[in-house]
Every structure is written in C-alpha cells, then in structure tokens.
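For reference, the structure is listed below as structure tokens.
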Amino acid sequence: VAAEPALTAADEKVGDGDCGLTLRAGAERILAELGRVNVNVPFDTLTALAECVGNSMGGTSGVLYQLGITAAASAASGKTTEDVDWLAALKAGTDAITHYGGATVGMRTMVDALAPATGAGVSTAAAAAEKAREGARYTATLHKAGAGRSSYLSEESLEGGVEDPGATAVAVWMEAIAGALAKSD
C-alpha cells in the first residue's frame with residue numbers, strides 16, 4: 001500500500017499510470033480479508049489470495065496475478081505450512097504468468113523480477129526478494145518493451161532509467177514477504 005505513489009508515478013512515465021492504484025486495491029483487499037483466511041492450509045491461503053486479487057485488481061496485471069496465484073495454489077495442494085515448498089509454488093505461478101501473458105525475461109514486465117526470483121540457486125525468501133529487486137533494476141536498462149503498456153512507447157521514452165512498475169511491484173511484495181518471514185523466525 002505504501003508503495004502506491006512511487007509505482008503510480010513511475011507508471012505515469014512508462015505506462016498508463018494505474019499500476020500503483022491497481023496493486024494498492026489488491027493489497028487493501030488482501031489485508032481486509034486476511035482475518036477470514038485459513039492461513040494454516042497453503043492451498044486455502046493461496047486460493048483466497050487469488051480470489052482477492054481477482055475481485056479487486058483490474059487490467060491485465062490483475063488477471064495475471066490471479067492466474068499466477070491460482071497456479072501456486074495448485075502446486076501447494078495437499079501440503080501443510082511445514083512441508084510446502086513455497087519457492088516451487090512461486091515458480092509454478094511464474095510459469096503460469098509467462099504462459100498466459102506471453103512475456104519473457106527482457107520484455108520489461110513483471111516477469112523480469114519474477115523469473116530471477118525463482119531461478120537456480122534461490123533457496124530462501126530473502127534471496128528471492130533480492131533477485132526480484134535485481135530484476136526490477138534490470139528493466140531500467142531496457143529501452144524497448146516487448147509486452148505491457150511500455151510496449152506502446154518509443155525507445156526514447158524508455159531511456160530515462162525508469163524501472164518497469166510491474167517488476168518493481170514484484171520486488172516490493174517479495175521484500176515485504178521476506179521481511180515478515182524474517183520477523184517470525
């Protein structure tokens with residue numbers, strides 16, 4: 001929620017200006033519903049999160065997040081909070097987003113942050129968040145977008161070093177998760 005102004009400002013430069021608002025709507029819905037979610041069953045938790053974002057986030061990112069979280073829920077099905085492989089669930093979600101959204105690394109989208117976070121050598125939430133942040137920073141060096149709203153802009157418009165707001169948003173929520181997990185340890 002706190003990242004909304006910065007995400008919106010960035011999206012006004014390299015997108016359609018609604019990234020921060022869309023993600024804030026999703027975050028607020030999740031926070032409002034969290035008390036009603038069975039957080040002891042990963043499948044139930046992720047299914048509820050997918051429903052929250054599906055009912056509150058508009059645009060392509062809302063649909064992609066819902067598809068990704070639903071795929072993560074399927075990967076976590078039958079698992080407990082103790083035996084679920086959260087990084088495998090994140091990978092399943094990332095794979096669904098790339099499959100249905102069509103973006104790949106280097107296209108200046110949320111995938112530029114998601115893919116490195118699920119890559120080889122990542123074994124903790126903190127490491128995943130760090131890789132996501134690196135991926136978001138990488139998008140600032142890309143002067144051509146292959147997908148998303150930035151793909152409608154000229155190369156000159158993307159030369160200002162602005163990170164893709166969708167990739168930055170991924171880094172923000174991954175850092176929040178890693179921080180929450182660190183506090184609970």
Practice task
Would you tally the residues in the stretch 87-122 being part of a helix (DSSP H, G or I), crowded, with 19+ Cβ neighbours inside 10 Å and out of contact with any helix residue (DSSP H, G or I) (no Cβ under 7 Å at 6 or more places or on another chain)?
Solution key: 1
Exercise for the section: Could you list all residues from the stretch 29-58 that are more than 17 Å from ALA3 (Cα to Cα), touching a residue at least 24 places away in the same chain (Cβ under 8 Å) and surrounded by fewer than 17 Cβ atoms within 10 Å (Cβ to Cβ)? Expected result: VAL39, ASN40, ASN55, GLY58
Completion exercise
Residues of the stretch 11-28 being buried (at least 22 other Cβ atoms within 10 Å of the Cβ), assigned to a helix (DSSP H, G or I) and of a type outside the set (A, V, I, L, M), in sequence order, are ASP11, CYS19, GLY20, THR22, GLY26
Completion exercise
So, first residue more than 12 Å from THR168 (Cα to Cα) in the stretch 8-28, second residue among the basic types (Lys, Arg) and open to solvent by 20 Å² or more (accessible area, probe 1.4 Å), Cβ within less than 8 Å, six or more apart or across chains; the pairs are VAL14/ARG149; GLY15/ARG149; ASP16/ARG149
Practice task
Go through the stretch 1-21 and give me each residue that's at pLDDT 85 or above and over 19 Å from ILE177 (Cβ atoms).
Solution key: PRO5, LEU21
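Being at pLDDT 90 or above and either closer than 24 Å to ARG24 by Cβ or open to solvent by less than 60 Å² (accessible area, probe 1.4 Å) (or both): is that true of ALA176 here? Spell out how you get there, then give the answer.
Working: at pLDDT 90 or above: yes; either closer than 24 Å to ARG24 by Cβ or open to solvent by less than 60 Å² (accessible area, probe 1.4 Å) (or both): yes.
Yes.
The values are calculated or read from the model by the stated rules, or taken from the named source; none is laboratory data. As the structure is a prediction and not an experimental result, all values here were calculated from the model. Neighbour counts are summed over all protein chains in view; Cβ atoms, including those assigned to glycine, are modelled from backbone coordinates with ideal geometry. Heavy atoms of the whole protein, side chains included, go into the accessibility calculation; ligands, DNA and RNA do not. Shrake-Rupley method; radii C 1.70, N 1.55, O 1.52, S 1.80 Å.
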